[in-house]
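Here's the structure we're looking at; comments come further down.
The values are calculated or read from the model by the stated rules, or taken from the named source; none is laboratory data. None of these values were measured; they are calculated from a predicted model. When we count neighbours, we look across all protein chains shown, and the Cβ atoms used for this are built from the backbone with ideal geometry, even at glycine.
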Amino acid sequence: MAREGIPSAVLLDALGTLIELETPWPHLERELTARGVVVELEAARAAMLAEMAYYRAHHDEARDWAGLMDLRRRCAAVVQEALGTSLPLTDVEDALLAAIRFRPYPEVPAALARLREGGARLAVVSNWDVSLHDVLERTGLRGLVDAVVISAELGAAKPDPAIFRAALERLGAAAAEAMHVGDSVETDVAGARAAGLQAVFVARNGAQAPDGVRVVSSLDGLLMT
């Protein structure tokens, strides 16, 4: 049984909630320079923004390793075209992957540990490709959660209630005893409500949530009653 004030199950978004993406274009600029291609920082920024837009539109196509490899090649081709470089696609892909770096928000590991100590079971619920498993391992978070549900693997993405129901099933929990924590009103808050969960909005940058939705500025806020 969970400690008073802590729900039995806590579902958590990944990007913007548990982990952040380091600004990638300075890394891309350096990675390309190391491969003999000098680009302006603004050009690297424009190429990364184009790649990120393409990725968001296609990430659910990477349901397995083969699909991920294909998606990565296509994303690299977006960068190659945006930069107008003759650098081989494999080298562009290597530079792109090296430029994409994730890290957990500072309070996250301790907050997750304290939630589990309080009796909560935890699941990551994310609109992501299959590589999220590796990202969670590299950031040291996989061992702090009980389940990971990824849209590309499941075939359903937030705000579809199906992805929340899948996470609850893996945790053996009911919607009435669970909360979902995320930083998107459109996918996290709306999806959690549609699935019958309490929604908690993470406003790391002061964003506004709909009326009646609990707001925290970091995961430490989940532990305050």
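Miscellaneous remarks
A quick yes/no check of all residues on (1) in contact with a strand residue (DSSP E or B) (Cβ under 8 Å, 6 or more places away or on another chain); (2) within 21 Å of D64 (Cα to Cα); (3) at pLDDT 95 or above; (4) surrounded by fewer than 20 Cβ atoms within 10 Å (Cβ to Cβ):
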{"site": "G143", "(1), (2), (3), (4)": "no, no, yes, yes"}
{"site": "V149", "(1), (2), (3), (4)": "yes, yes, yes, no"}
{"site": "A152", "(1), (2), (3), (4)": "no, yes, yes, no"}
{"site": "G155", "(1), (2), (3), (4)": "no, yes, yes, yes"}
{"site": "L168", "(1), (2), (3), (4)": "yes, no, yes, no"}
{"site": "A175", "(1), (2), (3), (4)": "no, no, yes, yes"}
{"site": "G182", "(1), (2), (3), (4)": "yes, no, yes, no"}
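- Some residue of region 35-43 being within 18 Å of the chain's Cα centre (by Cα) and β-branched (V, I, T): no
- Matching residues, region 78-104, being over 23 Å from the mean Cα position of the chain (by Cα) and small (G, A, S): A82, G84, S86
- Pairs linking a residue in region 67-85 that is outside any helix (DSSP H, G or I) to a residue that is modelled with pLDDT of 95 or more and not small (G, A, S), with Cβ atoms under 6 Å and 6 or more positions apart or on different chains, are T85/V37.
- Within region 189-207, the only residue that satisfies the criterion of being over 16 Å from F164 (Cβ atoms) and either surrounded by 23 or more Cβ atoms within 10 Å (Cβ to Cβ) or over 20 Å from the mean Cα position of the chain (by Cα) (or both) is V202.
- Those residues of region 35-53 which are within 17 Å of S86 (Cα to Cα) and free of Cβ contacts under 8 Å to residues at least 24 places away in the same chain, in sequence order: V38, E40
- Among (1) modelled with pLDDT of 95 or more; (2) surrounded by 15 or more Cβ atoms within 10 Å (Cβ to Cβ), the one test that G118 misses: (1)
- Restricting region 1-30 to residues that are β-branched (V, I, T) and buried (at least 17 other Cβ atoms within 10 Å of the Cβ), the residue that is modelled with the lowest pLDDT: I6
- Within region 57-97, restricting attention to residues that are small (G, A, S) and over 25 Å from E42 (Cα atoms), the residue that is surrounded by the most Cβ atoms within 10 Å (Cβ to Cβ) is A62.
- Region 31-48, residues that are assigned to a helix (DSSP H, G or I) and surrounded by 14 or more Cβ atoms within 10 Å (Cβ to Cβ): E31, L32, A43, A44, R45, A46, A47, M48
- Qualifying residue in region 195-218 (condition: out of contact with any His (no Cβ under 9 Å at 6 or more places or on another chain), outside any strand (DSSP E or B), without any contact (Cβ under 8 Å) to a residue 40 or more places away in the chain and closer than 30 Å to A66 by Cα): no
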